[in-house]
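**Student:** First, the structure itself, so that you have it in front of you.
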Amino acid sequence: MFKKMRIAFYIPILNVGGAEKVIINLLKQLSLNQKDNYFLITDATHSSWIREIDSKISILHVDSGRNIFIRLHNIKKVIQENKIELVVSHLTHANIHCLLLKILSSFKLIIVEHSITSYYIKTLRHYSFKITEFLIKFLYNYADLIVCVSETSKDDLINKFKIRSNKCHVIYNPIDFDSIRLLSKEPLPLKVNEFIATRRYIVTIGRLEILKNHGFLIQSLKNYLIENNLVLLIIGDGNEKNNLQYKINEYSLNENVLLIGYDLNPYKFISKSNLLIHPSKFEGFGLVLIESLFLLKPVISFNFQVAYEVLENGRFGSIVYDEATLIEALDLKLNSSNENFKIDFSKQVYDSYNLGVISNQYHDFFVLIS
């Protein structure tokens, strides 16, 4: 009989985001098998998604706002007090926290890299960039195993940071398709229905920040939306909200573009849309592309590296790089249909990314390094 492992996932704060969604889904699925005891180390007080964590998961609170050295001390303390044998950390800065602790402690560590690391650290300030780059090169090889959410992410770590290839393994992000199917059937809010009326609409989903490129999307579509009587719904919240609203006003798009804000269920918007556009400058994975394809919606993505991997070089969706190619792809997608292709790909997506398959891949690695 196998001994139950005590496994803790770590993320400094569980707010809205792709990595956070992965943690919620994985812990929910992993806790079903009752083979091991699962914990979540996070700042429970300031985590907006903390209520989404399954009740079978023990939450270990560590304040994310404290001095980094105090935070590391507190993480080490909860690991020791709860006899945690394996830590699974998520996101680059959290991975560095745990690797620093691992050098001084005796726990197994899997780190999960959700971004294209070399792209991510370029968004940091100069001194933070240099420090983070050094720490990744120095520390990452001390991990027992590194999970990369795409082949692109894996290649980036190996080639740009000299991480040993035998440490890096690809596990795609898991998707709870049953939940998505159910949530997609919910009706749209009344105010959104009234705004759309009988028009066709395009949807884009993501945090409102510069790297998500919503400003360029609005600018590129300013004439196309009006000329074709289309609606663009932008789902998400963030520090670029006021700037985006300014652009909407500047281009007289108040009848065509609506900032919805954050919504816990984006799938009701996707399922009733005519297509999804993902304008981001870079992503570690591009979760929303897979979710949209599962809901049988055509997708257009800007040409960040992982888009080529997820969409198989444009086979399963259009990949664009400027205003002209975006408009060309929109014309094609809005005026054509291939139902057999969509149904076939929906099944392929389900088989490749479903939560049960991915959680088993994670558990196999837990057993391997225990």
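**Student:** Check LYS167 against each of (1) crowded, with 16+ Cβ neighbours inside 10 Å; (2) closer than 15 Å to GLU283 by Cα and name the one condition it does not meet.
**Tutor:** Every listed condition holds for LYS167 apart from (2).
**Student:** Still on this model: Please state which one of SER128, SER106, SER115 is under 27 Å from LEU355 (Cα atoms), hydroxyl-bearing (Ser, Thr, Tyr) and assigned by TED's automatic domain parsing to the domain that holds GLY18.
**Tutor:** SER115
**Student:** Same structure again: Here's a check for you: in region 173-193, which residue that is assigned to a loop (DSSP other than H, G, I, E, B) and more than 18 Å from the chain's Cα centre (by Cα) is nearest to GLN29 (Cα to Cα)?
**Tutor:** SER184
**Student:** Can you name every residue in region 194-216 that is closer than 16 Å to GLY238 by Cα, outside any helix (DSSP H, G or I) and not β-branched (Val, Ile, Thr)?
**Tutor:** Within region 194-216, GLY206, ARG207, LEU208, GLU209, ASN213 qualify.
**Student:** Within region 80-87, does at least one residue satisfy the condition of being at positive phi and either of a type in the set (Lys, Arg) or not in a loop (DSSP other than H, G, I, E, B) (or both)? Write out each step before concluding.
**Tutor:** From region 80-87, those at positive phi are 83; that's our starting set.
This time we only want the ones that are either of a type in the set (Lys, Arg) or not in a loop (DSSP other than H, G, I, E, B) (or both), so: 83.
Yes.
**Student:** For LYS137, state whether it is in a helix (DSSP H, G or I), more than 25 Å from the chain's Cα centre (by Cα) and on the phi < 0 side of the Ramachandran plot.
**Tutor:** Considered against the rule, which asks whether it is in a helix (DSSP H, G or I), more than 25 Å from the chain's Cα centre (by Cα) and on the phi < 0 side of the Ramachandran plot, LYS137 comes out as no.
**Student:** Now, a different point. What are the residues in region 22-36 that are under 15 Å from TYR10 (Cβ atoms) and out of contact with any His (no Cβ under 8 Å at 6 or more places or on another chain), if any?
**Tutor:** ILE24, LEU26, LEU27
**Student:** Given the criteria in the same structural domain as SER292 (by TED's automatic domain parsing), buried (at least 16 other Cβ atoms within 10 Å of the Cβ) and farther than 23 Å from LEU295 by Cα, does LEU183 qualify?
**Tutor:** No, not satisfied.
**Student:** Here's another thing I want to ask about it. Kindly provide the set of residues from region 123-148 that are exposed (fewer than 14 other Cβ atoms within 10 Å of the Cβ) and modelled with pLDDT under 90, ordered by number.
**Tutor:** Passing the criteria: ARG125, HIS126, TYR127.
The values are calculated or read from the model by the stated rules, or taken from the named source; none is laboratory data. Being a predicted model, the structure only gives us computed values, none of them experimental. So basically every Cβ, Gly included, is an ideal-geometry build from the backbone, and we count neighbours across all protein chains shown.
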